[in-house]
Amino acid sequence: MKKQQEMTLSVGQTFPLTIKRLGINGEGVGYFKRGVVFVPGALPGEEIVAEATKVHPKYAEAKVKKIRKASQHRVEPQCPVYDQCGGCQVQHLDYAQQLKEKRDIVKQAFERHTKFTIDSLNIKETIGMDNPWNYRNKSQFQVGTKDGNIIAGLYGLNSHNLIDIPNCIVQHPFSNEITVTVKEAMQQLGIPAYDEKKKSGIVRTVIVRTGFETKEVQVVIVTISEKLPKKNQLIQMIMDKHPEVKSIVQNVNNQKTSLIFGDKTMTLAGEPMINETLGELSYELSARTFFQLNPTQTVKLYNEAKKAASLTGKENVVDAYCGVGTIGLWLSNDAKEVRGMDIIPESIEDAKKNAKRHGKMNTKFEVGKAEDVLPRWIAYEGWEPDVIVVDPPRTGCDQQLLRTILNAEPKRIVYVSCNPSTLAKDIQQLSKKYKINYIQPVDMFPHTAHVECISQLILK
């Protein structure tokens, strides 16, 4: 520990650095006199001149001053605002190599957070996309003003500087086109963007969600108040230009918060929701409904979950953190019964509706924490799970839930993870009774450092 703390760098100092690996946020990681240095934009295998930007007791941050030896996998980013936006951390890395590095990020998490012998773990090759562009089904752009013109985009990396993004190449083309239309209409009609500093203006955010299969589109305009001047003209300009828009919704958020949505939502035109299909299942999506952002890879992810569940038609399945029931319904055809739980009442209502609409009579969804609901099912109904599927938030599974699972002793656990670090920590605990059969990384967000995993755990 003492050696780690002896960072001998100072801010502004330049020094040679060899990049050893990619970090969990997509930054290059190297070592200077045994101290860890994180360098955004640098790639494994590169030899660079780095300039220290921040020095902490245990590590330092730096920027690339000069690349002496470039990686053979370095490519020219396709996005013109790539270096300003920060949304795609590794667009400068060849896509095939991105998939390899994401597998390595999973390995690193298990090296850091577990006692497993890494060579003993069956971490499979990352499942990628045939076309890793235009894959996102929802854009969420902040609105602002620059030089008297309405702009929409994302805040720059580590700043509150709004970057105008007229054509985001990871978004569905509809999303880009419609966002531009909204900007132009606001400009023409004189509808002001909200200015946080001045506490003036109206429109905060424009959200466009596109059904990849149905081609239905919803536009959500988030405003500071219910007042939206020239509302009818705005609606007409959107509808005239984009007949694919089936729903225009206004959401009111008057709070000083980083959260996008407020509590009040009003339908301005069309329906309050749009429809989308995944495989044989269809879903109604309202403005605030959570839905996976990459539908192409979601089908692959859920099929991997089905493969890991290895159902024969005789199993009781638990879908913990079930949300609107997407994974549970995906598995229901091959299960005896699927039961899901979630703490959000609206999600459970949607899950029940989705189940009813698809005639999934072997499903049950209940509001509550898995660690409370599951023991009750076991104790009072004698209902014992054979397979438990967990798909927790980035923070991982609740500790009590892990204890509940260990007590219940299902034959298999399918762990769907969006954070390799919490996955590793949780699996370490579950390994008291479970063997890791395999870990399957899936690339849900190309050109970012994000990686999802499906892990199959078998009762020892």
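In table form, for the structure just shown:
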quantity	calculated
Filtered residue count, the stretch 203-239, keeping only those that are surrounded by fewer than 15 Cβ atoms within 10 Å (Cβ to Cβ) and in a loop (DSSP other than H, G, I, E, B)	6
The stretch 109-132, subset within 20 Å of P420 (Cβ to Cβ) and free of Cβ contacts under 8 Å to residues at least 12 places away in the same chain, residue surrounded by the most Cβ atoms within 10 Å (Cβ to Cβ)	E111
Residue check, E304 in contact with a Ser or Thr (Cβ under 7 Å, 6 or more places away or on another chain), of a type outside the set (A, V, I, L, M, F, W, C) and either assigned to a loop (DSSP other than H, G, I, E, B) or buried (at least 20 other Cβ atoms within 10 Å of the Cβ) (or both)	no
Residue list for the stretch 349-359, filter: at pLDDT 95 or above and buried (at least 20 other Cβ atoms within 10 Å of the Cβ)	A355
Any hit, the stretch 403-413, residues being touching a residue at least 12 places away in the same chain (Cβ under 8 Å), buried (at least 18 other Cβ atoms within 10 Å of the Cβ), touching a strand residue (DSSP E or B) at 6+ places or on another chain (Cβ under 8 Å) and within 26 Å of D104 (Cα to Cα)	yes
Which listed residue, of T181, T205, is under 21 Å from V252 (Cβ atoms), polar (S, T, N, Q) and touching a residue at least 40 places away in the same chain (Cβ under 8 Å)	T205
Considering residues of the stretch 1-60 that are among the polar types (S, T, N, Q) and in contact with a Lys or Arg (Cβ under 8 Å, 6 or more places away or on another chain) only, the residue nearest to Q84 (Cα to Cα)	T53
Exclusive hit being surrounded by 15 or more Cβ atoms within 10 Å (Cβ to Cβ), under 26 Å from G156 (Cβ atoms) and either of a type in the set (F, W, Y) or outside the structural domain of Q440 (by TED's automatic domain parsing) (or both), set V90, V106, V49	V90
From the options A355, A320, residue that is under 21 Å from S455 (Cα atoms), touching a strand residue (DSSP E or B) at 6+ places or on another chain (Cβ under 6 Å) and among the hydrophobic types (A, V, I, L, M, F, W, C)	A320
Long-range neighbours under 6 Å by Cβ, at least six apart or interchain, first residue without any contact (Cβ under 8 Å) to a residue 60 or more places away in the chain within the stretch 17-31, second outside any loop (DSSP other than H, G, I, E, B) and small (G, A, S)	L17/G30; L17/A50; T18/G30; I19/G28; I19/G30; K20/G30
Residue count, the stretch 152-167 (criterion: surrounded by fewer than 19 Cβ atoms within 10 Å (Cβ to Cβ) and under 11 Å from Y82 (Cα atoms))	2
Residues satisfying the stated conditions in the stretch 133-163, i.e. touching a Gly at 6+ places or on another chain (Cβ under 9 Å) and either in contact (Cβ under 8 Å) with a residue 60 or more places away in the chain or of a type in the set (K, R) (or both)	N137, F141, Q142, V143, G153, L154, G156, L157, N158, I163
Set D319, D334: member being closer than 21 Å to I413 by Cα, surrounded by fewer than 20 Cβ atoms within 10 Å (Cβ to Cβ) and not small (G, A, S)	D334
Those residues of the stretch 82-98 which are in a loop (DSSP other than H, G, I, E, B) and in contact with a His (Cβ under 8 Å, 6 or more places away or on another chain), in sequence order	C88, Q89, V90, Q91, D94
Members of the stretch 341-373 that are in contact with a Leu (Cβ under 8 Å, 6 or more places away or on another chain) and under 22 Å from I405 (Cα atoms)	M341, T363, K369, A370, E371
Subset of the stretch 240-269 (residues that are surrounded by 13 or more Cβ atoms within 10 Å (Cβ to Cβ) and hydroxyl-bearing (S, T, Y))	S247, T265, T267
Scope the stretch 74-107; condition closer than 30 Å to I436 by Cα and at pLDDT below 95; matching residues	none
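Rundown of residues vs (1) of a type in the set (S, T, N, Q); (2) without any contact (Cβ under 8 Å) to a residue 24 or more places away in the chain; (3) touching a Phe, Trp or Tyr at 6+ places or on another chain (Cβ under 8 Å), yes/no style:
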| site | (1), (2), (3) |
| --- | --- |
| K58 | no, no, no |
| K63 | no, no, no |
| K66 | no, yes, no |
| C79 | no, no, no |
| Y82 | no, yes, no |
| G86 | no, no, no |
| Q89 | yes, no, no |
| H92 | no, no, yes |
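A quick yes/no check of all residues on (1) assigned to a helix (DSSP H, G or I); (2) within 18 Å of W383 (Cα to Cα); (3) of a type in the set (G, A, S):
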{"residue": "Q292", "(1), (2), (3)": "no, no, no"}
{"residue": "Q297", "(1), (2), (3)": "yes, no, no"}
{"residue": "A308", "(1), (2), (3)": "yes, no, yes"}
{"residue": "L311", "(1), (2), (3)": "no, yes, no"}
{"residue": "D319", "(1), (2), (3)": "no, yes, no"}
{"residue": "A335", "(1), (2), (3)": "no, yes, yes"}
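The values are calculated or read from the model by the stated rules, or taken from the named source; none is laboratory data. Computed from a prediction, not measured in an experiment: that's the story for all the values here. Note that we place each Cβ from the backbone using ideal geometry, even for glycine, and neighbour counts take in every protein chain shown.
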